[in-house]
Amino acid sequence: MQQLVFATNNEHKLAEVQAMVKDLFSIRSLSDIQCNVDIPETADTFEGNASLKSEYIQSHYGLNCFADDSGLEVAVLNGEPGVYSARYGGSRDMEKNIDLLLSKLVGETNRKAQFRTVISLRLEAEEHLFEGLVKGTIVSERSGAGGFGYDPIFIPDGYAKTFAEMSSQEKNQISHRAVAIQKLVTFLKNR
Ligand code: ITT
């Protein structure tokens, strides 16, 4: 089975992607390769940051790998929190991140948002990018205990529950990450 490093320190992302690709290729985490670095994400786009993370691993470890940069984009906030999703409220504290976002939407009727991810895959000298997005709405109160990040306040279009109220299998079939990983899998199969 082909081996790929997934360059993430987010254990939730790792678990989601491992569940999605488990029979197709084997994933090594950053701890599997003894990498304990918080790889700098200095770009202002998902594409740029995904590319920085995968490039770091390939240049320092010489391994084929991929990285995911992702976040929530709220229409009425001009795409905020976007690339700043992980630290929107000033730190990695998700309670504060969500509180800040909800406070900016108080009284707002346009609740449209989307989760977006860009995956950068590095195979030897080549880079390939895959995008996934899922549209939905932001609710005014948290609901559900599953998932991670902004999942308790996001209802995908066509559903009546938040990502945090879904089983991991359900979220993993429709999420932005699932869409991008499916594109990556198709690409690897056709090579
Ligand atoms: P790595 O960079 O190490 O992969 P990270 O958590 O810092 O981990 P990002 O820089 O891509 O990842 O930030 C993405 C943030 O966007 C993440 O911390 C969540 O707050 C949010 N996010 C991304 N995908 C999500 C999802 O499926 N459900 C809920 N929130 C998500």
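Read-outs throughout are calculated quantities, based only on the coordinates presented, and are distinct from any laboratory measurement. All values derive from a computational prediction rather than experimental measurement. Here Cβ is always computed from backbone atoms with ideal geometry, including for glycine, and neighbour counts include all displayed protein chains.
A few points about this structure:
- Label-zone membership for segment 152-191, site Ala75, 7 angstrom Cα→C-beta point, backbone N under 15 Å: 155-158
- Relative exposure of Phe115, Phe163, judged by other C-beta atoms within 10 Å (fewest first): Phe115, Phe163
- Relative contact order (%) - criterion: Cα under 8 Å, at least six apart; region: the chain: 18
- FRET E, pair Asp44, Ser91, Förster distance 30 Å, beta-carbon r, rounded to 0.05: 0.95
- Ordering Ser103, Tyr88, Asn78 by the projection of their Cα atoms onto the charge dipole of segment 75-140, which places +1 on the Cβ of Lys and Arg and -1 on the Cβ of Asp and Glu, puts Ser103 at the extreme positive end.
- FRET efficiency, 1/(1 + (r/R0)^6) with R0 35 Å, evaluated for Glu127 and Val106 via beta carbons: 0.25
- Here Lys171 is the anchor, and the aspartates and glutamates within straight C-alpha reach of less than 13 Å, apart from those fewer than 8 places off in the same chain, are Glu16, Asp151, Asp157.
- Mean Cβ neighbour count within 10 Å, used as a protection proxy, ranking 37-45, 171-179 highest first: 171-179, 37-45
- The charge dipole of the chain, taken about its Cα centre with unit charges on the Cβ of Lys, Arg, Asp and Glu (plus for the first two, minus for the last two), comes to roughly 360 debye.
- Helix-only [θ]222 nm of the chain, DSSP H runs n ≥ 4, -39500 (n - 2.57) each, per residue, nearest 500: -10000 deg cm²/dmol
- Theoretical FRET efficiency, 1/(1+(r/R0)^6), r = Cβ-Cβ of Val139 and Ala15, R0 22 Å, to 0.05: 0.35
- Greater than 26 Å apart at Cα, pairs in Lys22/Lys112; Lys13/Lys96; Lys22/Lys96; Lys161/Lys189; Lys96/Lys183: Lys22/Lys112; Lys22/Lys96; Lys161/Lys189; Lys96/Lys183
- Using a Gaussian network model of the chain in which every pair of alpha carbons under 10 angstrom is joined by a spring, one finds that among Ala160, Ala145, Ala86 the greatest mean-square fluctuation is at Ala160.
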